[in-house]
Each structure stands twice: as structure tokens, then as C-alpha cells.
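As C-alpha cells, the structure follows; a few thoughts come after it.
The values are calculated or read from the model by the stated rules, or taken from the named source; none is laboratory data. Everything numeric here is computed off the predicted structure, so don't read it as measured data. We place every Cβ from the backbone using ideal geometry, glycine too, and count neighbours over all the protein chains shown.
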Amino acid sequence: MKICILANALSVHTQRWAKAFAEKGHEVHLLSIRHIEISGITVHTVNVGNVNSGSVFFTFLSYIYLLLTAKRALKKLKPDIVIAYYTITYGVIAAFADYHPFVVSIMGSDVIYCAKGLSTVIKGWLTRYALKKADMICSTSRFMIDRTVDLRPATVPIKHIPFGVDYELFRPVVRQETKESEKGFLIGFVKALSPKYAPDILISAMPEICRQLPDARLVIIGQGPMKAQLQNMARELGIMDKVEFTGFIPNEKLPVFFNSFDVFVHPSICQESFGVSILEASACGCPVVATRVGGVPEVCIDGQTGILIEPNNPDVLAEAIIKLAKNPELRNNIGRAGRDFVVKNYYWKENVQTMLETLQKTVSEYRK
């Protein structure tokens with residue numbers, strides 16, 4: 001098939017899907033307002049201003065420019081199918097281009113609204129517009145499907161296709177006990193430094209954790225608008241020497257970190273759609289502490305592959321982490337169960353095959 005993807009080229013999700021399709025022998029084109037070279041993929045960048053500009057104004061203009069030119073580009077490319085990731089932007093652009101068959105993949109905040117107001121009303125309208133035009137809707141979680149059912153016409157089917165893990169890359173390794181013991185009890189966080197992912201709640205839990213676990217250390221992987229705030233919090237709480245900010249780490253290098261963590265923490269306070277980083281940690285045999293929000297309970301089974309807690313509570317978060325720290329046998333059991341759970345339910349290569357079969361079926365039915 002000739003597949004055209006409309007999505008953010010800088011997104012790891014976009015790159016993984018595009019590469020997977022190309023590796024299966026399909027011709028893949030990517031239309032995006034962002035630019036990056038991706039091996040085996042033809043990237044068509046449409047932007048206003050500097051490439052990959054962080055300006056909100058130029059980003060908005062770039063979306064408008066792509067909206068006005070996508071139809072012409074698709075007619076020229078003549079793909080067998082169009083896939084748009086994220087309904088509010090690229091989904092709307094694909095819908096406006098009116099090229100079929102068209103599949104839209106919902107990503108989370110396009111159907112999960114953590115705030116109320118005019119922006120939410122606009123998001124809802126744009127989402128409905130994109131879904132109405134689609135021939136197929138894909139979702140990585142059942143939670144998002146439940147949120148999407150009433151936003152789309154009953155005639156448009158929805159397919160659950162997880163964004164799984166390459167468990168051959170994310171796998172447990174034998175830890176070098178002497179080396180790891182020098183690092184102390186490592187707590188890991190891997191997510192954007194954004195309020196909805198609540199890294200500040202984790203920082204707030206650290207003083208009590210350090211009081212009971214003097215060798216505890218926190219490794220924060222990611223970048224975002226809260227970095228300076230989090231560093232100031234750590235400094236004010238007197239735990240700056242206990243917290244390491246690594247910045248952005250490429251996805252393919254994360255297994256080394258997951259294997260060094262004694263526990264992985266996912267403290268989101270918003271209705272999160274899925275939780276890929278939870279699956280990546282579990283695939284490496286790392287026990288998880290996560291909040292019971294959105295689709296997280298689908299990927300973290302309370303008491304089996306991790307511990308689920310209520311959000312926005314540093315004391316409860318500290319208690320769960322300390323519980324795991326003081327019970328190595330429990331950590332090992334949860335780690336093994338997490339690995340088995342991922343292997344059984346979230347194998348990336350099977351997810352790719354399911355997606356391709358869904359796309360081929362959509363093309364065949366549209367041609368009929």
C-alpha cells in the first residue's frame with residue numbers, strides 16, 4: 001500500500017508507526033508542519049516561519065497553511081489510504097481535504113478534556129468534525145473508545161489497537177549489584193515535565209521517602225515547562241542532591257534507565273489515555289507505582305503488575321514507594337508479572353500487524 005500519514009513528525013508515536021509500515025514493505029509519506037529525517041519515509045514539510053519553530057503564532061499559521069494545501073498534496077500523491085494522528089489538528093486537516101479512505105487515530109487530549117471552558121467546546125466541535133468524516137477510528141485504549149463513542153456517528157467503526165512495546169528492546173537485564181548499590185534506591189520518572197503528569201507531586205513525596213530511605217534517589221527523565229519550578233522545589237525541600245534531571249532521553253536508550261530503576265512512578269493527575277512508559281517499565285521487569293486515572297488501570301494491574309493509588313496525594317505516593325522499597329520480594333514478583341503481562345498483551349509487532357490488516361480492510365471496503 002501507499003500510506004500517507006498526517007501527524008507531528010517529531011512525535012515518537014508518529015515515527016514508530018511510520019517506520020513499522022515501511023519495514024513491512026509499504027510506501028510511506030508523512031505530511032507534517034514539523035520536520036525530521038526518517039529513514040525509509042518521505043517527509044513532506046509544510047510550515048510558515050522557521051522549521052520546527054516553537055512560536056505559537058507560526059505554528060497556528062503552519063496548521064492553516066497545511067489545511068489549505070493538504071487536498072492538493074493528497075491528490076498528487078494518490079495514496080491508498082490516509083491516516084491522521086490527533087483529531088483536533090491533523091484529523092481536522094485530513095477531514096477538510098476530504099480524501100478517502102481516511103483513518104483517524106485518537107491520541108488522548110483530543111477526546112479527554114481535563115479543563116472546562118470555551119477551548120473545550122471548540123475541541124469538542126473539531127473532534128466531532130474529524131470523526132464524522134472518517135472511515136475508521138483507531139484507539140490505543142478502551143478507555144478512549146468509551147470517551148469517543150458519543151462523539152462520532154454510529155456508522156463509523158472504532159478499533160482498539162494498542163501502542164505496544166518492543167519487548168525485545170525493552171527487556172530485563174542482569175543488574176550489576178555492586179554498581180547499582182552505590183546508586184542507592186532509584187526511583188524513576190519518564191514523562192514530559194508538565195502539570196498534568198504531576199512531577200511536582202513526586203518531588204513533594206521525596207522528603208518523607210528520603211527520611212525512611214536515606215539512600216533513595218530520584219531520576220527525572222524528560223523536559224518541559226515545569227523544569228525550573230521542580231528544581232526550585234527540590235532546592236527548597238533540601239533534596240537537590242537526591243534528584244537528577246537528565247533532560248530528554250531518546251526512546252531507544254530508555255531500557256538502560258528502566259533497568260536501573262528500583263521502582264518507576266507515573267503520578268498523573270489528569271485523565272490520561274494510556275501510559276506507554278508504564279508498559280516500557282514493566283517490560284523491563286521494573287515495578288510500577290501509578291495513579292488510578294483514565295486508561296492507566298488497563299496497563300497497570302493493581303496488586304499484580306504495580307500499585308495503583310489515588311492522584312494528587314504525596315503522602316500516599318510516598319507510602320507506596322516505601323512499601324516496595326522495604327519488600328524486595330514484592331518488587332521482584334511485581335516486576336516478573338509486569339513483564340509477563342506486556343509479553344502477553346502488548347507486543348508491538350502484533351499491534352503493527354493488526355493495524356495493517358485494519359488499513360487493508362478499510363481500503364478494500366471503501367473500494368467496494
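Things worth noting here:
- Exactly one residue among V263, V276, V289 is in contact with a Pro (Cβ under 6 Å, 6 or more places away or on another chain), of a type outside the set (D, E, K, R), crowded, with 20+ Cβ neighbours inside 10 Å and under 25 Å from K344 (Cβ atoms), and that residue is V263.
- Residue in the range 115-128 that is of a type in the set (D, E, K, R), surrounded by fewer than 24 Cβ atoms within 10 Å (Cβ to Cβ) and not in a helix (DSSP H, G or I) present: yes
- Residue within the range 24-40 that is part of a helix (DSSP H, G or I), touching a strand residue (DSSP E or B) at 6+ places or on another chain (Cβ under 6 Å) and of a type in the set (V, I, T) present: no
- Only listed residue being touching a residue at least 40 places away in the same chain (Cβ under 8 Å) and in the same structural domain as V352 (by TED's automatic domain parsing), chosen from A18, A7, A22: A7
- Restricting P287, P267, P199, P250 to residues that are modelled with pLDDT under 95 and in the same structural domain as I321 (by TED's automatic domain parsing) narrows the list to P250.
Yes/no matrix, rows are residues, columns are (1) closer than 18 Å to N312 by Cα; (2) surrounded by fewer than 21 Cβ atoms within 10 Å (Cβ to Cβ); (3) of a type in the set (D, E):
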| residue | (1), (2), (3) |
| --- | --- |
| P250 | no, yes, no |
| F258 | no, no, no |
| P267 | yes, no, no |
| Q271 | yes, yes, no |
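- Taking every residue in the range 243-257 that is farther than 15 Å from L218 by Cβ and pairing it with any residue that is in a helix (DSSP H, G or I), at least 6 positions away or on another chain, the pairs with Cβ-Cβ distances below 6 Å are N251/V12.
- For P225, the stated conditions do not hold, so it cannot be described as in contact with a strand residue (DSSP E or B) (Cβ under 7 Å, 6 or more places away or on another chain), touching a residue at least 12 places away in the same chain (Cβ under 8 Å) and either surrounded by fewer than 18 Cβ atoms within 10 Å (Cβ to Cβ) or assigned by TED's automatic domain parsing to the domain that holds N333 (or both).
- Pairs with Cβ under 8 Å, 6+ apart, first in the range 154-174 and in contact (Cβ under 8 Å) with a residue 24 or more places away in the chain, second surrounded by fewer than 19 Cβ atoms within 10 Å (Cβ to Cβ) and assigned to a loop (DSSP other than H, G, I, E, B): V156/D135
- Each residue in the range 132-169 was checked for being in a helix (DSSP H, G or I), over 24 Å from V296 (Cα atoms) and in contact with a Leu (Cβ under 7 Å, 6 or more places away or on another chain), and 0 pass.
- Only one of G338, G294 that is under 20 Å from the mean Cα position of the chain (by Cα), in a loop (DSSP other than H, G, I, E, B) and in the same structural domain as S277 (by TED's automatic domain parsing): G294
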